[in-house]
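The values are calculated or read from the model by the stated rules, or taken from the named source; none is laboratory data. The structure displayed is predicted, hence computed values, not measured ones. Don't worry about glycine lacking a Cβ; one is built from the backbone with ideal geometry, like all the others, and counts go over all protein chains shown.
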Amino acid sequence: MTTASRAIQITEHGGPEKLKLVTVEVGEPGPGEIRIRHKAIGLNFIDVYQRSGLYQGAMPLQLGMEGAGVIEAVGEGVTHLNVGDRAAYASMPPGSYCDVRVMPAKCVCKLPDAISFETGAAMMLKGLTAQYLLKKTLPVQGLKAGDFVLFHAAAGGVGLIACQWAKALGLKLIGTAGSDAKCQLALAHGAAHAINYAKEDFAARVKEITGGQGVKVVYDSVGKDTWDKSLDCLQPFGLMASFGNASGPVPPFAPGILGPKGSLYVTRQTLFTHIATRESTQAMAEDLFEAVTSGAVKIRIDQRYTLENVQQAHIDLEARKTTGCTIITL
């Protein structure tokens, strides 16, 4: 038995104009799979990387890494989900830009009744990213209440979640953003300080804020434009944690520069390593659900687009016109 579904596909890498609305046939789930009917879909910068070809994929490629909806069918061997369950996920392979899909079940989690489908679709990839950054991607000396951390793109989807979560953990998060309005947004969500890097030298401001000491860790999804100065913001033995390339990939650099800058550590993180197993996915999701249902973290959805208007969604995301989370409604 198959069902028809609208979906967004590309047949070659390129700009937003490559995104096409098509109809696909969706079948029954196989072993270890489920079929989910989406109620809302998340939009993320990784979708842009996959569309542009920065991250290569086989064609035709159906985009989207995040969604929330209702389980329609369950394949053999799946025990943590049942037909009718409310569910949400951030998961490989891509394919969430659609009404219905069949996908691996291991990264799909039951969605608590207290969390709406729209919030679930908006928060899974970004919230789980904030979780592994603040809880698992730590400097060698660890993080404790009162420590300074630097978080780039603090008014974005991951950034606003991280601002709130860091405050709840007692950390002093210094956020950067590209406008005064975005800086105010970061401050309103718990950042201890905010720097408009379009107007100020963020490395100099970080040193000023920290009394010349620098931060223990920099969390950076911007990439090329912020990399060099971010290294100068770190304390000795500090950690440079890259998790995205919004301004382009970081060019090759000589590891020898890390010694004179303070014997620094560098890591390139990706969510999909952290959620490689059912157990780790569930544990991280439960931590996120608790943070949201307790009110410590509020998920801000500032933009909504339809499937038919997904090209404009990508245009706005790349132009950095968005704040908070963005979803595709159905």
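Filtering LEU258, LEU307 for residues that are among the aliphatic types (A, V, I, L, M) and either touching an Asp or Glu at 6+ places or on another chain (Cβ under 8 Å) or crowded, with 19+ Cβ neighbours inside 10 Å (or both) leaves a single hit, LEU307. The C-beta contact set for the stretch 144-162 (first residue surrounded by 24 or more Cβ atoms within 10 Å (Cβ to Cβ) and in a helix (DSSP H, G or I), second residue of a type in the set (Gly, Ala, Ser) and modelled with pLDDT under 95, distance under 7 angstrom, 6+ apart or interchain) comprises GLY157/GLY324; LEU160/GLY324. Taken over the stretch 183-204, the criterion of being part of a loop (DSSP other than H, G, I, E, B) and surrounded by fewer than 17 Cβ atoms within 10 Å (Cβ to Cβ) is satisfied by ALA198, LYS199, GLU200, ASP201.
Could you check the stretch 297-318 and list, in sequence order, the residues that are among the aliphatic types (A, V, I, L, M), over 22 Å from VAL222 (Cα atoms) and touching a helix residue (DSSP H, G or I) at 6+ places or on another chain (Cβ under 7 Å)? VAL297 - this is the single residue of the stretch 297-318 that is among the aliphatic types (A, V, I, L, M), over 22 Å from VAL222 (Cα atoms) and touching a helix residue (DSSP H, G or I) at 6+ places or on another chain (Cβ under 7 Å). Of all the numbered requirements in (1) closer than 21 Å to MET92 by Cα; (2) surrounded by 19 or more Cβ atoms within 10 Å (Cβ to Cβ); (3) not charged (D, E, K, R), ALA276 misses one, and that requirement is (2). Please go through the stretch 210-253 and pick out each residue that is more than 21 Å from THR273 (Cβ to Cβ), among the small types (Gly, Ala, Ser), modelled with pLDDT of 95 or more and not in a strand (DSSP E or B). Scanning the stretch 210-253 gives GLY211, GLY212, GLY214, SER230. Among the residues of this structure, LEU43 counts as one that is buried (at least 21 other Cβ atoms within 10 Å of the Cβ), of a type in the set (A, V, I, L, M) and closer than 21 Å to THR329 by Cα. In the stretch 312-321, of all residues being surrounded by fewer than 18 Cβ atoms within 10 Å (Cβ to Cβ) and in contact (Cβ under 8 Å) with a residue 12 or more places away in the chain, the one that is nearest to VAL158 (Cα to Cα) corresponds to ARG320. Taking the stretch 1-110 as the region of interest, the strands (runs of 3 or more DSSP E) fully inside it that hold 2 or more residues being within 28 Å of PHE243 (Cα to Cα) and of a type in the set (Val, Ile, Thr) are 3-10. Of the residues making up the stretch 172-182, those that are buried (at least 24 other Cβ atoms within 10 Å of the Cβ) and under 22 Å from LEU264 (Cα atoms) are LEU173, ILE174, GLY175, THR176. Apart from one condition, LYS216 fits all of (1) surrounded by 19 or more Cβ atoms within 10 Å (Cβ to Cβ); (2) farther than 30 Å from GLU290 by Cα; the exception is (2). The criterion of being outside the structural domain of ASP99 (by TED's automatic domain parsing), closer than 21 Å to THR293 by Cα and at pLDDT below 95 does not hold for GLY190.
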